[in-house]
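Visitor: Sending over a structure as structure tokens; questions will come in a sec.
The values are calculated or read from the model by the stated rules, or taken from the named source; none is laboratory data. Everything quoted here is computed from the prediction, not taken from an experiment. Counting neighbours? That spans all protein chains shown, and the Cβs are built from the backbone with ideal geometry, glycine included. Just the protein is used for accessible areas: all its heavy atoms, side chains included, with ligands, DNA and RNA removed. Shrake-Rupley method; radii C 1.70, N 1.55, O 1.52, S 1.80 Å.
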Amino acid sequence: AFFLLLCFRTSLFTSLVFGLLLQPPLTQLSIIAKPNIVLLMADDLGIGDVSCYGNDTIRTPNIDRLAKEGVKLTQHIAAAPLCTPSRAAFLTGRYPLRSGMDAVNNYRVIFWNGGSGGLPSNETTFAKILQQQGYSTGLIGKWHQGVNCESRNDHCHHPLNHGFDYFYGMPFTLISDCQPTETPEMDRAFRRNLWLSTQMIGLVSLTAALGRLTGLISVHWKTLTCLAGFSLLFFMSWFSSYGFIRYWNCIMMRNHDVTEQPMVTDRTTFLILRESISFIERNKHKPFLLFLSFLHSHTPLLTTEKFLGRSSHGLYGDNVEEMDWMVGQVLDAVDKEGLKNSTLVYFTSDHGGWLERQEHKRQLGGWNGIYKGGKGMGGWEGGIRVPGIFRWPGVLPAGTVINEPTSLMDIYPTVVHLAGGVLPQDRVIDGRNLMPLLQGTVEHSEHEFLFHYCGIHLHAVRWHEKDGGAIWKAHYVTPLFDPPGAGACYGKGVCPCFGEGVTHHDPPLLFDLSRDPSEAKPLTADTEPLFDTVIKKIGRAVEEHRRTLAPVPEQLSLYNIVWKPWLQPCCGTFPFCWCDKEGDN
């Protein structure tokens, strides 16, 4: 009996071993249930500024290496053509007007750290879900999603209230006002008008006072006093905000604490890179999410001396090449810790390059390659088509190029899926999980329609036929270029979304992007047999899409975007806000 029992156990053990040996090998994706995730986002980088997307004069070897070792998307689309709404969509996987983060007016981004608008607390970012899945989550660099709601320290819109364990960077965005030697950028035309109005009021007050003293004008001193008081109050009402932009907006924070006010721009690049590498080193033993939101390549184009004069595209090209070097340093840090095969790396830009950004003869904005338009234009490809590169050795096929329509909103469901999380069920998620497309298990994107907004105004719609190769795009509204035919709104700085600066099209302008990616030749019913069919199909999709929209508070309303002293982050006793804790260290 003992012998039979021994034979039975031996046979059972042998069967189990052979059974395990005969199992198909596990894919690396199965082994690495929770990969590290590194998201790299440039600021205002045009798709035509990167070598692997066709630029042969700006050198980007590290970004190119990502594309060579991974998957390059050629039709990767931002959900908005400006920073604040595009990043809101990226973080939430939803069109920005669903969260109230797209504008009803001409102020289309967060304008002040001391404003009350921002990413609502009831929005669930991918960082929050990954945090719940046990990830260490960090944001280094630009935020631009607001800070406070009702008091100086409530931090209701702050990154740490949206799923990030660690934050180091700018709660606002880099602007030329942060660099004392540069021409002011923020609300430039409005500030000129305020100065002119102040001078006119002051001139009237001075003229009245001189007339009273010389007896040429009969006016009471009480009236003159009131007029002088009004002049002073008017000046103080706007100069208290616009006169101190460097102190109110150009600040650096570590978690909830202001560390530099104003920021010391000479060392910003070093600190951003140091913090990014340090985050990787601190969290190498557990899954981590690092969102490195570059301050490059937004004006004033902070560039260290090492990279000045290196490119043939002036300061802008130097800045892009420095950012590429930073990408390389982050990739080297991942490799050094032995994390390359367990880390998904993604590179993109928040929207297209800023064509109108010029000073005298210097071009300070990016280039969008063959695509029409740029930053601020919600319909034209140049404003919304951006680089999109994924690398994950052993999981994603190297050297792959995908021409299917994808969106920055797709990052949300993709990383949630990889982390083993569950998408929110109480709201519409517009993004789609990209892993099947990236791995090649499916041929086509899940996006049949993509809706292209400028503020809250629908400017264009893209339709990718499921059974055909055509990618149709209908423009309902396009901006009027200034001067006409210039390809951008040089007279305005950024193209408007509505009003006299746009043209409405009925029927819409129609393009087949698969044949005309530059949107150079609009189709008509005479030149395209399917014109009426396509326009009707897209029209029905618009109606269905609009039925999914619900009214929400406007985060970029005039009230929310104005500067409020009681909401201004301050490292001292307001209004004496000044500190340099990095210098002290």
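Visitor: If we scan the stretch 470-480, do we find a residue that is surrounded by fewer than 13 Cβ atoms within 10 Å (Cβ to Cβ) and more than 25 Å from the chain's Cα centre (by Cα)?
Guide: No; the residues of the stretch 470-480 include none that is surrounded by fewer than 13 Cβ atoms within 10 Å (Cβ to Cβ) and more than 25 Å from the chain's Cα centre (by Cα).
Visitor: Which of the following residues is buried (at least 19 other Cβ atoms within 10 Å of the Cβ) and in contact with a Leu (Cβ under 6 Å, 6 or more places away or on another chain): F279, F288?
Guide: F279
Visitor: Quick check on my filter: what residues within the stretch 168-217 are of a type in the set (A, V, I, L, M), in contact (Cβ under 8 Å) with a residue 12 or more places away in the chain, closer than 24 Å to V562 by Cα and in a helix (DSSP H, G or I)?
Guide: A189, L194, I201
Visitor: Next up: May I ask you to say which residue of P180, P171 is within 27 Å of M326 (Cα to Cα) and open to solvent by 50 Å² or more (accessible area, probe 1.4 Å)?
Guide: Being within 27 Å of M326 (Cα to Cα) and open to solvent by 50 Å² or more (accessible area, probe 1.4 Å) holds for just one of P180, P171, which is P180.
Residue-by-condition table, conditions (1) crowded, with 21+ Cβ neighbours inside 10 Å; (2) outside any strand (DSSP E or B); (3) modelled with pLDDT under 95:
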position	(1), (2), (3)
V428	no, yes, no
T441	no, yes, no
L458	no, no, no
R462	yes, no, no
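Visitor: In the list H417, H447, which residue meets the criterion of being within 23 Å of the chain's Cα centre (by Cα) and without any contact (Cβ under 8 Å) to a residue 24 or more places away in the chain?
Guide: H417
Visitor: Of D154, D165, which residue is open to solvent by 10 Å² or more (accessible area, probe 1.4 Å), touching a Gly at 6+ places or on another chain (Cβ under 7 Å) and without any contact (Cβ under 8 Å) to a residue 60 or more places away in the chain?
Guide: The conditions single out D165.
Visitor: Confirm whether V422 is assigned to a loop (DSSP other than H, G, I, E, B) and open to solvent by 10 Å² or more (accessible area, probe 1.4 Å).
Guide: Spelling it out, V422 is indeed assigned to a loop (DSSP other than H, G, I, E, B) and open to solvent by 10 Å² or more (accessible area, probe 1.4 Å).
Visitor: Could you please find all residues in the stretch 247-276 being part of a loop (DSSP other than H, G, I, E, B) and open to solvent by 10 Å² or more (accessible area, probe 1.4 Å)?
Guide: N255, H256, P262, V264
Visitor: Inside the stretch 377-395, can you point out the residues that are open to solvent by 10 Å² or more (accessible area, probe 1.4 Å), on the phi < 0 side of the Ramachandran plot and outside any strand (DSSP E or B)?
Guide: Within the stretch 377-395, W380, P393, V395 meet the criteria.
Visitor: I'm checking my understanding of the structure. Among residues of the stretch 547-566 that are within 22 Å of L82 (Cβ to Cβ) and outside any loop (DSSP other than H, G, I, E, B), which one is least open to solvent (accessible area, probe 1.4 Å)?
Guide: I561
Visitor: When you scan the stretch 301-320, how many residues do you find that are within 30 Å of F164 (Cα to Cα) and open to solvent by 10 Å² or more (accessible area, probe 1.4 Å)?
Guide: Residues meeting the conditions: 3.
Visitor: Does W354 fit the bill of being in contact (Cβ under 8 Å) with a residue 40 or more places away in the chain, in the same structural domain as F390 (by the TED database), aromatic (F, W, Y) and open to solvent by 60 Å² or more (accessible area, probe 1.4 Å)?
Guide: So W354 does not fit the description; no.
Visitor: Sort out which residues of the stretch 287-322 are assigned to a helix (DSSP H, G or I) and either β-branched (V, I, T) or touching a residue at least 24 places away in the same chain (Cβ under 8 Å) (or both), and write them in order of number.
Guide: G314, L315, Y316, G317, V320, E321, E322, listed by residue number.
Visitor: Is there a residue being out of contact with any Gly (no Cβ under 6 Å at 6 or more places or on another chain), at pLDDT 95 or above and part of a loop (DSSP other than H, G, I, E, B) anywhere in the stretch 366-374?
Guide: yes
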